[in-house]
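Colleague: After the structure tokens below, expect a handful of questions from me.
The values are calculated or read from the model by the stated rules, or taken from the named source; none is laboratory data. This is a predicted model, so every value here is computed, not measured. Counting neighbours? That spans all protein chains shown, and the Cβs are built from the backbone with ideal geometry, glycine included.
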């Protein structure tokens with residue numbers, strides 16, 4: 001299989017210290033209250049190009065891992081079994097814009113919980129900052145300028161994509177509040193810029209899949225399918241991790257395996273097709289119960305250790321996008337062919353074995369299977385399910401139900417709510433001069 005292994009694993013906190021020359025400058029760069037207003041003149045040197053590009057990759061790596069954890073816990077894949085008051089906020093889908101209930105806004109890389117606003121804001125800012133610098137530098141000073149622009153553009157696209165999928169609304173670069181559509185359009189723009197810079201190989205394929213994901217979110221399935229058509233079988237862009245520190249560990253492993261504070265939610269236990277276990281969602285009871293709650297601790301083999309990689313883009317995702325586009329275009333049988341390819345690879349019986357309509361297939365039935373089974377299995381714990389809830393949940397096609405349902409007792413004195421996106425936090429309104437006082 002094609003596996004990206006090129007990203008250097010090192011915390012941006014470490015990698016930038018030498019360039020910035022001290023912790024005070026570093027603190028300024030990493031302050032997220034107004035990430036677009038940072039002045040970092042020490043970095044405006046072509047000699048810093050490679051370091052900046054590596055730092056962008058590391059920031060996106062961190063942001064995406066913590067976003068995937070948020071997607072898992074707020075998006076139905078995980079359940080809090082620990083009665084951890086912080087994790088319970090994520091699990092119960094109840095978030096405030098300030099104070100203790102605003103964990104999505106205050107948590108950051110290195111924390112033992114998901115995180116949204118800080119890592120995503122920082123990743124987006126440093127990516128755009130680096131692109132602006134690269135654009136102004138001469139090829140004579142940065143010989144691999146085009147290659148670096150392509151890589152940073154791809155990562156910038158994913159930074160905007162994350163913000164669109166997680167935030168209810170966004171505000172960029174001291175600007176006004178806009179809808180998530182603006183974030184997706186900017187993601188498409190950054191991916192296009194990466195391709196225009198000459199992206200090739202895995203960087204190109206990652207940009208194609210990322211762009212198609214944004215197009216699908218924009219309600220453009222046919223365009224999305226055309227975008228990912230060239231992505232080769234076996235492609236996977238993997239985000240690497242190491243056991244060096246909290247910042248470099250795979251946070252999904254840390255929360256679920258090391259801390260044992262969450263378990264795969266009940267719909268992800270014992271998943272089968274036609275009576276056969278689906279190996280893509282291999283979840284199991286560990287034989288242990290949580291010491292505080294007595295709840296069973298379940299786990300999966302998705303991330304067996306702190307260094308387990310996380311896929312951010314893949315051929316499998318590309319095929320799922322094409323399948324969804326085929327259904328939208330009135331050709332569900334083409335989608336069934338893709339589903340059958342997934343089933344063959346997983347050792348499962350072909351679609352129709354559970355009594356689904358075949359020849360010609362029923363479009364709605366195929367879509368429901370694609371969303372509820374194939375996307376859930378192929379993209380398990382990869383940061384996709386939260387926005388699938390937006391596209392196909394109660395506010396979308398209605399295929400996916402919120403689990404547990406709104407109003408159900410969470411077992412810890414609260415109730416489940418319906419917040420599957422995150423409002424702009426109070427800090428944005430306090431620091432964005434366009435919004436101050438609004």
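Colleague: Give the residues of region 171-185 that are at pLDDT below 95 and crowded, with 24+ Cβ neighbours inside 10 Å, sorted by residue number.
Modeller: none
Colleague: Please count how many residues of region 392-421 are at pLDDT below 95 and either at positive phi or crowded, with 18+ Cβ neighbours inside 10 Å (or both).
Modeller: Qualifying residue count, region 392-421: 3.
Colleague: For residue 136, indicate whether it is in contact with a strand residue (DSSP E or B) (Cβ under 8 Å, 6 or more places away or on another chain) and either over 23 Å from residue 434 (Cα atoms) or buried (at least 20 other Cβ atoms within 10 Å of the Cβ) (or both).
Modeller: no
For every residue, the table says whether it meets (1) closer than 20 Å to residue 426 by Cβ; (2) part of a loop (DSSP other than H, G, I, E, B).
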| residue | (1), (2) |
| --- | --- |
| 52 | no, no |
| 69 | no, no |
| 82 | no, yes |
| 87 | no, no |
| 93 | yes, yes |
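Colleague: Mind listing just one residue for me: the one in region 417-438 that is in contact with a strand residue (DSSP E or B) (Cβ under 8 Å, 6 or more places away or on another chain) and assigned to a loop (DSSP other than H, G, I, E, B) and, of those, nearest to residue 88 (Cα to Cα)?
Modeller: Within region 417-438, the match that is nearest to residue 88 (Cα to Cα) is 421.
Colleague: Mind checking whether some residue in region 192-203 is free of Cβ contacts under 8 Å to residues at least 12 places away in the same chain, surrounded by fewer than 24 Cβ atoms within 10 Å (Cβ to Cβ) and at positive phi?
Modeller: Checking region 192-203: at least one residue is free of Cβ contacts under 8 Å to residues at least 12 places away in the same chain, surrounded by fewer than 24 Cβ atoms within 10 Å (Cβ to Cβ) and at positive phi.
Colleague: Give me the pairs: first residue in region 281-294 and part of a helix (DSSP H, G or I), second residue surrounded by 11 or more Cβ atoms within 10 Å (Cβ to Cβ), beta-carbon distance under 8 Å, and six or more apart or on different chains, which are they?
Modeller: Sorted first by the residue in region 281-294, then by its partner, the pairs are 281/264; 281/268; 281/271; 281/300; 281/376; 281/377; 281/380.
Colleague: Now for a different question. How many residues does region 343-359 contain that are touching a helix residue (DSSP H, G or I) at 6+ places or on another chain (Cβ under 6 Å) and at pLDDT 95 or above?
Modeller: Counting residues in region 343-359 that are touching a helix residue (DSSP H, G or I) at 6+ places or on another chain (Cβ under 6 Å) and at pLDDT 95 or above gives 3.
Colleague: How many residues does region 248-277 hold that are farther than 16 Å from residue 83 by Cα and either in a strand (DSSP E or B) or touching a helix residue (DSSP H, G or I) at 6+ places or on another chain (Cβ under 6 Å) (or both)?
Modeller: Selection size over region 248-277: 8.
Colleague: Further question on the same structure: Here are some conditions: (1) within 27 Å of residue 375 (Cα to Cα); (2) modelled with pLDDT under 50; (3) surrounded by 15 or more Cβ atoms within 10 Å (Cβ to Cβ). Residue 10 meets all but one. Which one does it not meet?
Modeller: (1)
Colleague: If you don't mind, there's one more thing I want to ask. Quick one: which residue in 335, 325, 313 is in contact (Cβ under 8 Å) with a residue 40 or more places away in the chain, closer than 25 Å to residue 360 by Cβ and surrounded by 23 or more Cβ atoms within 10 Å (Cβ to Cβ)?
Modeller: One residue alone meets the criteria, 325.
Colleague: Let me ask something additional. Can you go through 386, 367 and tell me which one is farther than 12 Å from residue 420 by Cα and in a helix (DSSP H, G or I)?
Modeller: Only one candidate qualifies: 367.
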